[in-house]
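Single-structure report; data block below.
A short reminder: the numbers here are calculations on the coordinates, not readings from a lab. Quick caveat: nothing in here was measured; it's all calculated off a predicted structure. When we count neighbours, we look across all protein chains shown, and the Cβ atoms used for this are built from the backbone with ideal geometry, even at glycine.
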Amino acid sequence: MIKLLLLLAAVCSNLKHWLYRLGNEYVSLTGGWQARAWTGNGAVYTATAPGLTKNAGNMVIGMPNTYSSGKSGVVEILNNVDLTPYTTLRVKVNLAIGGCSAVSGADGKQLIYLVCAADRSASNKWTSSSIYKALSQVFTHTSTSAFNASNAEYTLDVSGVNQAVDVFFGLVWKQQAAGSTITILEVELI
Amino acid sequence: MKKVYIDAVDFTCHETPGEGRFEHEAEYLDDNETHVESFRYIPEGYVYTRASDGEQFSGLMVTRLE
């Protein structure tokens, strides 16, 4: 019976792995989490490291700049992780998104992506099809009104990713009337 | 951005038009991308159902197939 339970636990442990949950960065697997200046499009957005505050139960990404030109950065794991055993990346976040500038033509926006990429070079853009292995633009905000959400869940199909890759939140923010935060609660490979 | 033809069922990308495909300007495929058949592209507003387990994913999402 004990062997059966151990086998069941082993099988279950292979089905899903946390990359982040409630303050645990799962460092042995991820190497930890960091913010980095890496742009999704260097011709449009200046590479800028977002803020990253690590709390006891969550991590808070900050996009602080208001009434400024477009910026882009990532919050990523330090180690590449082999996604071969997994099919889905799932994240749970709280959103506190500031409204965009009301100035006509400002093209204000906040964009959130989930991305897997084998190449971390900041000389490339992570939205290039030669760089990412899987990418989803999971959140788009262009309204002058603020937006808030709790326990929002987003997923990315990683069933075609059969190698070790960087896993990250890709971020874009431009002409915000107020700063924005993304509170990371959970990041999970299934 | 590259013009591709996307299969309406499985959202695989193709270089040429064909039955069951719709034309799309793919923002996240490079102009010089020569292997568009290596990608699944789900445009914004579309939903892809993964055949292996029925999991649904909302666009905009792009994945390599290999």
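For the stretch A:46-185, the relative contact order works out to 44 percent when only alpha carbon pairs closer than 8 Å and six or more residues apart are counted. The Kirkwood radius of chain B, taken over pairs of alpha-carbon atoms, gives through the Stokes-Einstein law at 37 °C and 0.692 mPa s a diffusion coefficient of 277 µm² s⁻¹. Spin-label pair B:Glu15-A:Thr53: with each label point 7 Å from Cα along the Cα-Cβ axis, the two points sit 5.2 nm from one another. For the listed residue pairs A:Lys16/A:Lys71; A:Lys16/A:Lys109; A:Lys92/B:Lys3; A:Lys16/A:Lys54; A:Lys92/B:Lys2, the alpha carbons are over 26 angstrom apart in A:Lys16/A:Lys71; A:Lys16/A:Lys109; A:Lys92/B:Lys3; A:Lys92/B:Lys2.
Loop-located GluC sites (Glu not before Pro) in the stretch B:1-45 (DSSP state other than H, G, I, E, B) with a sparse environment of at most 10 neighbouring Cβ atoms within 10 Å: B:Glu19. Under 20 Å from a label point set 7 Å out along the Cα-to-Cβ vector of A:Ala37, the amide N atoms of the stretch A:59-81 belong to A:61-78.
Just checking the output field for A:124-131: average partner chain Cβ neighbours within 10 Å of each residue's Cβ? Walk me through the intermediate numbers first.
Working: counts 0, 1, 0, 5, 5, 15, 5, 1.
Mean inter-chain Cβ contacts per residue within 10 Å come to 4.
In peptide B:45-54, how many Cβ atoms from other protein chains are near each Cβ within 10 Å, on average?
Values: counts 0, 0, 0, 1, 0, 4, 0, 2, 4, 0.
Partner Cβ neighbours, averaged per residue: 1.
Placing dummy labels 7 Å off each Cα toward the beta-carbon, the span from B:Asn32 to A:Val103 is 3.5 nm. Computed over chain A, the per-residue total of -39500 (n - 2.57) for DSSP H runs of n ≥ 4 gives a 222 nm mean residue ellipticity of -2500 deg cm²/dmol, rounded to 500. Counting, for every residue in A:137-144, the Cβ atoms of other protein chains within 10 Å of its Cβ and taking the mean gives 2. Working note: Debye formula, equal point scatterers on the alpha-carbon atoms of the stretch A:70-190, no solvent; log10 I(q)/I(0) at q = 0.10, 0.19, 0.20 Å⁻¹ is -0.32, -1.02, -1.09.
Site pair B:Met1 and A:Trp18 shows an inter-label distance of 4.2 nm when each label is modelled 7 Å from Cα along Cα→Cβ.
With a Förster radius of 35 Å, plug the Cβ-Cβ distance of A:Asn151 and B:Phe22 into 1/(1 + (r/R0)^6) and report the FRET value to the nearest 0.05.
0.50
Of the residues A:Ser128, A:Ser69, A:Ser28, the one that moves most in a GNM of chain A with alpha-carbon contacts below 10 Å is A:Ser28.
When its C-alpha radius of gyration is set against 2.2 N^0.38 Å (N residues), the protein assembly as shown gives a value of 1.03. Would you mind getting the Kirkwood hydrodynamic radius of the stretch A:35-135 from its Cα pairs, rounded to one decimal in Å? After inverting the mean inverse Cα-Cα distance, the result is 15.3 Å.
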